[in-house]
Amino acid sequence: MAGPYWNIPSSVARSVFPPNEAQLDLFQNALPAERSVRLTGGAALMLCETARFDGRPVALDYVRHPKARVYRLVVRSNGSVRITVPRYGTLAEARNFLQRHADWLAGRLLVLADRRAAEAQEVVAGRIRFRGEMVPVVASENGGELKVGLSVFRMPRLRNPDLIARAEAALRTLALVELPVRIEALATLHGISLLHVSIRNQKTRWGSCSVRGSISLNWRLVQVPEVVRDYVLLHELAHRRHMNHSALFWAEVQRLCPEYQESERWLREKTRLIL
């Protein structure tokens with residue numbers, strides 16, 4: 001969620017605005033970022049620290065961007081806050097900016113909290129994420145079929161009567177068929193050799209590529225939008241040419257998937273709701 005920006009003379013920016021009750025108790029547990037931490041577009045992570053707002057911790061990331069001309073405040077979907085600092089800006093000015101816009105930040109955090117509560121309620125009510133969307137899970141009257149959104153599956157024979165568990169079993173079976181076919185098609189399209197593909201129940205990653213060329217994919221990729229799924233597959237295929245995350249690797253990812261940054265953003269915002 002994009003926020004306000006601020007562009008005033010440094011002499012004014014350096015003045016300290018006194019905090020009020022609506023503002024954050026800022027600058028707790030400051031952790032300076034390593035100089036080697038580089039982000040996309042030449043940005044660099046300057047500092048990570050924790051603020052407390054209404055008694056709740058809020059993670060703050062100060063990011064210096066060489067092309068930024070103003071201070072900018074963004075509330076991410078995971079509840080953390082990114083403060084963009086112009087090339088010649090300072091942390092003092094960035095903190096001053098954050099204090100000034102604390103009321104706006106309060107509103108955005110409340111909206112985010114309400115959205116999370118709604119998503120959690122959807123899960124409890126018998127819904128699951130499929131192709132990127134939260135869809136209802138319904139069993140047929142005869143108990144032989146399971147409807148996940150608009151897709152119909154044979155009812156998995158599980159002892160657990162929970163429909164969400166049954167839906168996960170159905171989607172995992174779908175992944176065993178769908179994901180190998182799709183990555184083989186992408187490998188052929190881009191002229192990349194593919195040795196072996198396995199589908200796993202990974203808890204912390206979407207995919208991996210071994211030094212021997214074997215690619216493992218998380219079955220939950222059927223739960224993400226198809227464009228995001230394809231990005232993950234292309235990401236792992238790019239490792240067939242560069243077994244690292246060097247500049248050459250990301251250049252290959254850019255060539256294979258020009259809009260990959262949008263998919264990266266989706267994964268950062270939604271992964272915690274799936275994995």
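Coordinate-derived values only; no laboratory data. Owing to the predicted nature of the structure, the values given are computational and were not obtained by experimental measurement. Cβ atoms come from the backbone with ideal geometry, glycine included; neighbour counts cover every protein chain shown.
For the ranges 232-242, 204-214, what's the packing order if you count other beta-carbon atoms within 10 Å of each residue, average per peptide, and put the highest first? Write down the numbers at each step before the final one.
Working: 232-242: 20.8, 204-214: 13.5.
Those peptides, ordered most packed to least, come out 232-242, 204-214.
Neighbour counts of other C-beta atoms within 10 Å: give me 141, 259 arranged from fewest to most. Please list the in-between numbers first.
Details: 141 7, 259 10.
Lowest to highest Cβ neighbour count: 141, 259.
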Rounded to the nearest whole number, the Stokes-Einstein translational diffusion coefficient of the stretch 171-274 at 25 °C and 0.890 mPa s (Kirkwood radius, C-alpha pairs) in µm²/s is 179 µm²/s
Calculate, axis by axis, the spread of Cα positions in the stretch 185-227 along the three principal axes, and write the results as whole Å, longest axis first.
-> 28, 24, 11
Proxy exposure order for 84, 271 (fewest C-beta within 10 Å first) is 271, 84
Would you list 114, 230 from fewest to most Cβ contacts within 10 Å?
-> 114, 230
